[in-house]
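The values are calculated or read from the model by the stated rules, or taken from the named source; none is laboratory data. In this text, all values refer to a predicted model and were calculated from it rather than measured experimentally. Cβ placement follows ideal geometry from the backbone for every residue including glycine, while neighbour counts extend to all protein chains displayed.
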Amino acid sequence: MAEEISPKQVTLTREAEGVYVARNPAGAEYRFGYNVDGALSAVELLMVAIAGCSATDLDMMTSRRAEPTRFDVTTTADKVGGSTPAILRNIDVLFDVAFPEGEAGDKARARVDAALKAAEEKTCTVSRTVAAGVPVTLRTTESA
């Protein structure tokens, strides 16, 4: 099968030291940074993206059968720094989902493992990109 490429883009604007606003082409915004009280950090946003991508896959594959009564996801990781460049290791995504009793709930529960396997192996772009170790290029315009 041939590759299908669909470009993605977000922009980031600095408001003040350590305060940034991320925007997508649809106009959605998120304010974050190390000087924003109560906001997520960039590292936490990466962890959210990993959880959110997989959660979306699980939600789509199970909620067609039954609406979950509980759907919580916890992502943990070890930030390793010191004498080496800081990275995250041991990223773990724990899904705590429940469905109502009955046939519909049973059908939804039966899809959980398959949905998580699909997310891990095929459908979750975020975690698959991290796992693949895709290179990131940082560059500047000539006016910098």
Worksheet item: Could you say whether any residue in segment 14-32 is surrounded by 12 or more Cβ atoms within 10 Å (Cβ to Cβ), outside any helix (DSSP H, G or I) and in the same structural domain as P100 (by TED's automatic domain parsing)?
Response: no
Practice prompt. Give the residue, chosen from K107, K122, that is free of Cβ contacts under 8 Å to residues at least 60 places away in the same chain and out of contact with any Lys or Arg (no Cβ under 7 Å at 6 or more places or on another chain).
Written response: K122
Worksheet, complete the sentence: Scanning segment 83-101 residue by residue, the ones that are free of Cβ contacts under 8 Å to residues at least 12 places away in the same chain and within 14 Å of P68 (Cα to Cα) total 1
Worksheet item: With (1) β-branched (V, I, T); (2) closer than 21 Å to K8 by Cβ; (3) touching a helix residue (DSSP H, G or I) at 6+ places or on another chain (Cβ under 7 Å) as the list, and V93 as the residue in question, which single condition is left unmet?
Response: (2)
Worksheet item: When you scan segment 55-67, how many residues do you find that are closer than 22 Å to E101 by Cβ and surrounded by 18 or more Cβ atoms within 10 Å (Cβ to Cβ)?
Response: 4
